[in-house]
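The values are calculated or read from the model by the stated rules, or taken from the named source; none is laboratory data. Remember, predicted model here, so these are calculated numbers, not experimental data. Note: ideal-geometry Cβ built from the backbone for every residue, glycine included; neighbour counts use all protein chains shown. We work out accessible area using only protein heavy atoms, side chains counted, and drop any ligands, DNA or RNA first. Shrake-Rupley method; radii C 1.70, N 1.55, O 1.52, S 1.80 Å.
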Protein chains: 2
Amino acid sequence: MSVGILRKALSMTDQNVHTHQFENGLMLIVEEMPDVQSAAFSMLIPAGCVYDPPGQHGAASMLSDLLTRGAGERDSRELSSTLDNLGLQRSEHVGARHTSVYGAAVADKLNECLRIYGDILMRPVLPEDQFEAVRMGAEHSLLSIEDDPQRKTMIELRRRSFTRPWGLPADGSLADLPNITHNSLRSHFENCFRPNGSILGIAGKVDTQEVIQVVGEALGEWPQKPVLDVSPGETGPKRDFIEQDTAQTHIGLSYKSVAYPDPDYYNAWAAASVLSGGMSARLFTEVREKRGLCYSISASQASMKHEGRVICYAGTSNERAQETLDVTLQELKRLGDGIEQSELDRCKARAKSSLIMQQESSRGRASSLARNWFLLGEIRMLEEVREKIDALTVDSILEYVHRMPAEDFTVLTIGPKSLEVNS
Amino acid sequence: MSVGILRKALSMTDQNVHTHQFENGLMLIVEEMPDVQSAAFSMLIPAGCVYDPPGQHGAASMLSDLLTRGAGERDSRELSSTLDNLGLQRSEHVGARHTSVYGAAVADKLNECLRIYGDILMRPVLPEDQFEAVRMGAEHSLLSIEDDPQRKTMIELRRRSFTRPWGLPADGSLADLPNITHNSLRSHFENCFRPNGSILGIAGKVDTQEVIQVVGEALGEWPQKPVLDVSPGETGPKRDFIEQDTAQTHIGLSYKSVAYPDPDYYNAWAAASVLSGGMSARLFTEVREKRGLCYSISASQASMKHEGRVICYAGTSNERAQETLDVTLQELKRLGDGIEQSELDRCKARAKSSLIMQQESSRGRASSLARNWFLLGEIRMLEEVREKIDALTVDSILEYVHRMPAEDFTVLTIGPKSLEVNS
């Protein structure tokens, strides 16, 4: 692994990142990427599903659909048409903490897009006559999860793994759906959409001063609102089984890890990467390649700002399900027995390669800028990440694994028969 | 839509593409992208699932798994480790015509990756003792499709829509699986893996002369083999229903369109785009947004080299399934009644924006170079594509739609109850 060449490659495109906070609290982070033609934005608004009122889980998600059905002077059709005319590739996502809006376009269209998003965030129409279509869309989305047991496994595992309400699914539940009214969505908007706590990441062929001016015009007058509390609840249950007549048994399991800002985050990341990063990682070779126990297996580090878990999934035939769970648990626990230097070297090589490729995508950068600011309250340059990865040693990872061993698992399975957790 | 600015933006990064054919027939297409740090390759080998022997469907797909379990002097573990150490992000895909291998890495690792892929393509170990793991992996993959009715709908729709064997699923079937032996895979390799008919697209921070030399060293000695025939069979049935106790009804439908090399391809693409490109497209607004009939709906142009279809999917509640199918068919047929200039303008804007963003990705470019060479036998520069999109008019699209109307549908549904096709 030639670190010298990587360092040179990275430094060839020095990152040019600026931050600016508006008076109303809105945080803007801009990265100028002179070698691309595109520009992308990623905005985190503190309006995620943890703010759904009790008995109305799914409200934030439904609001994210209603939100783009007209804004300012434009009705739903005009708004979609205008954004399509700008060639904007866009999406919305509702997570635990945030409702996020993303967009990417040719750079010279960015300013117009930002002005329209000013309308969407501050002056959405939220038309009552489209509420029924939104409600039915939410119902169909929930039904589609029932027909996708792999996805359902991950959703139900997260629900049981994280402290409530952090693991609750943004889609809500069929049971809560009748309780959500047009008024619920309007209230969610009134309570949660605010500039203080919102973070806007922008990357691409842009000029920082121009971006600051345009964002100021579009969102500078957005009035502040009080910050809402989230009271943490319980986790669990630790063992659960959903009986379903599926062709495969779907296994979800998780165990405690560290939050994103934790100094041990990169050690935790490397430990998960030894298990599941790349084709030569342990779970892939032991469970899938050598034994053919399953077609799909993964473990990943899922770190939020305040807590983190390692989340694993395996899908396998009903006959081999018990063996798959046993072997997977064994591999997870075996991590504490030792890690080869060559395993760490591969993780480092893969991570550095990803870093270099990541810096070529305006979309990836915009998203990463906003997310990092939220999680760390600072910009972590790719060069800093590279240094942190370089600093990892077998000992530092093992020390972490011994402090936070794979134990006390939360296990959720979906299939025709329940499994024994032999841990 | 400011075409002037788009032209300027595109011409700022003139494409630098070269082709080179080796004596053994291997076709190489290289695009130099000086502004990126990465390099990517995409190789099409004429070893797709249409060459699976009768009664052994799934063999090509299983071979693609066995193929990377050791090559040259390296066993399976050493091969995976070496590629992970190079930071290579890789995948394999089996389609109708081709088995494809893809990779992306930091540019200075490309040569080493290509040398190793020379071993994989010419000197794979194909270890017999790993055949059972491969077979079980294939079985699990097939079982996972049974648990994913949306995916199953698309697979079963393609099977019925295209002339056999072109629509057959690469994954094969559980029925054929016991017929496939280690020897079947070895034969498939011996028969199909050859340089004549293979196409290698490479894009990124590369030097064309250096790439030609390295590829020549890696694959220049690969011996030619005879070209295999595919005898076309039947299509259909046109109406089919798979009864399954699903939460949603999954609707797949298709109708005839043109092949990729057809002069009308862009008219066909635009017609599908009016239906389903972007948030303001007809199916999305009529079926999903206005009526809330379903959560997921799409129509896309699926053009192979010799035939093409428009492929549609809708997933909806069992109660609204009949209405969803009726409204969808109505929208498809209504296309012949007229298209607004504004609808065409939006399609053009979206397409041009995608083109500009596409040229920033070495991975996207490598893939596109190889695919275009196969489908057209030439390189189509992004500028040419832009011109073809510019040349589209409402009249040219309508003329196409009248010549190839949405009719004679193939319809496949999965759910608890069958539907009426009122077309």
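Points worth noting:
- Residues of segment A:155-187 that turn out to be open to solvent by less than 10 Å² (accessible area, probe 1.4 Å), in a helix (DSSP H, G or I) and not aliphatic (A, V, I, L, M), as a count: 1
- Criterion violated by A:Pro34 - all others in (1) open to solvent by 40 Å² or more (accessible area, probe 1.4 Å); (2) in contact with a strand residue (DSSP E or B) (Cβ under 9 Å, 6 or more places away or on another chain); (3) modelled with pLDDT of 95 or more satisfied: (3)
- Here A:Leu332, A:Leu369 are screened, and the one residue that is open to solvent by less than 60 Å² (accessible area, probe 1.4 Å) and more than 30 Å from A:Leu28 (Cβ to Cβ) is A:Leu332.
- Count of segment B:365-407 residues, restricted to those that are more than 18 Å from B:Asp14 (Cα to Cα) and among the basic types (Lys, Arg), is 2.
- Single condition B:Ala314 does not satisfy, out of (1) hydrophobic (A, V, I, L, M, F, W, C); (2) farther than 28 Å from B:Val394 by Cα; (3) open to solvent by less than 20 Å² (accessible area, probe 1.4 Å): (2)
- Unmet requirement for B:Ala175, which otherwise passes all of (1) more than 30 Å from B:Arg115 (Cβ to Cβ); (2) in contact with a helix residue (DSSP H, G or I) (Cβ under 9 Å, 6 or more places away or on another chain): (2)
- Some residue of segment A:400-411 being among the polar types (S, T, N, Q), under 23 Å from the mean Cα position of the chain (by Cα) and open to solvent by less than 60 Å² (accessible area, probe 1.4 Å): yes
- A:Ala39 meets the stated requirement of being within 13 Å of chain B (Cβ to nearest Cβ), within 27 Å of the chain's Cα centre (by Cα) and either crowded, with 17+ Cβ neighbours inside 10 Å or not in a strand (DSSP E or B) (or both).
- Residue in segment B:147-154 that is away from every other protein chain (no Cβ under 11 Å), under 30 Å from B:Gly308 (Cα atoms) and not basic (Lys, Arg) present: yes
- Of the numbered criteria (1) touching a His at 6+ places or on another chain (Cβ under 8 Å); (2) modelled with pLDDT of 95 or more; (3) not aromatic (Phe, Trp, Tyr), the one A:Ser317 fails is (2).
- Residue in segment A:365-383 that is over 19 Å from the mean Cα position of the chain (by Cα), charged (D, E, K, R) and more than 14 Å from chain B (Cβ to nearest Cβ) present: no
- Segment B:238-253 - residue that is over 15 Å from B:Leu157 (Cβ atoms) and open to solvent by 60 Å² or more (accessible area, probe 1.4 Å) and, of those, farthest from the other protein chains (Cβ to nearest Cβ): B:Glu243
- Test: residue in segment B:200-212 that is among the small types (Gly, Ala, Ser) and either open to solvent by 40 Å² or more (accessible area, probe 1.4 Å) or not assigned by TED's automatic domain parsing to the domain that holds B:Leu110 (or both): no
- Of the listed requirements (1) over 23 Å from B:Ser161 (Cα atoms); (2) at pLDDT below 95, B:Ala218 misses just one: (2).
- B:Lys256 vs. criteria free of Cβ contacts under 8 Å to residues at least 40 places away in the same chain and either surrounded by 15 or more Cβ atoms within 10 Å (Cβ to Cβ) or out of contact with any Lys or Arg (no Cβ under 9 Å at 6 or more places or on another chain) (or both): no
- Helices (runs of 4 or more DSSP H) fully within segment B:316-423 counting 1 or more residues that are of a type in the set (Ser, Thr, Tyr) and touching a residue at least 24 places away in the same chain (Cβ under 8 Å): B:321-334, B:362-376, B:394-403
- Residue match in segment B:140-147 (condition: assigned by TED's automatic domain parsing to the domain that holds B:Met43, under 26 Å from A:Lys290 (Cβ atoms), surrounded by fewer than 19 Cβ atoms within 10 Å (Cβ to Cβ) and not β-branched (Val, Ile, Thr)): yes
- Scan of segment B:287-315 for residues that are charged (D, E, K, R), within 11 Å of chain A (Cβ to nearest Cβ) and in contact (Cβ under 8 Å) with a residue 24 or more places away in the chain, ordered by number: B:Arg291
- For beta carbons closer than 8 Å, sequence separation of 6+ or different chains, a first residue in segment A:46-58 that is on the phi > 0 side of the Ramachandran plot and a second that is in a loop (DSSP other than H, G, I, E, B) and modelled with pLDDT of 95 or more, the qualifying pairs are A:Gly55/A:Asp176; A:Gly58/A:Asp52; A:Gly58/A:Ala170; A:Gly58/A:Asp171; A:Gly58/A:Gly172; A:Gly58/A:Ser173; A:Gly58/A:Asp176; A:Gly58/A:Ile180.
- Of all residues in segment A:349-359, those being over 18 Å from the mean Cα position of the chain (by Cα) and open to solvent by 30 Å² or more (accessible area, probe 1.4 Å) number 1.
- Test: residue in segment B:46-69 that is within 22 Å of B:Ile212 (Cβ to Cβ) and touching a helix residue (DSSP H, G or I) at 6+ places or on another chain (Cβ under 9 Å): yes
- Tally, over segment A:263-286, of residues that are within 14 Å of chain B (Cβ to nearest Cβ) and out of contact with any strand residue (DSSP E or B) (no Cβ under 7 Å at 6 or more places or on another chain): 11
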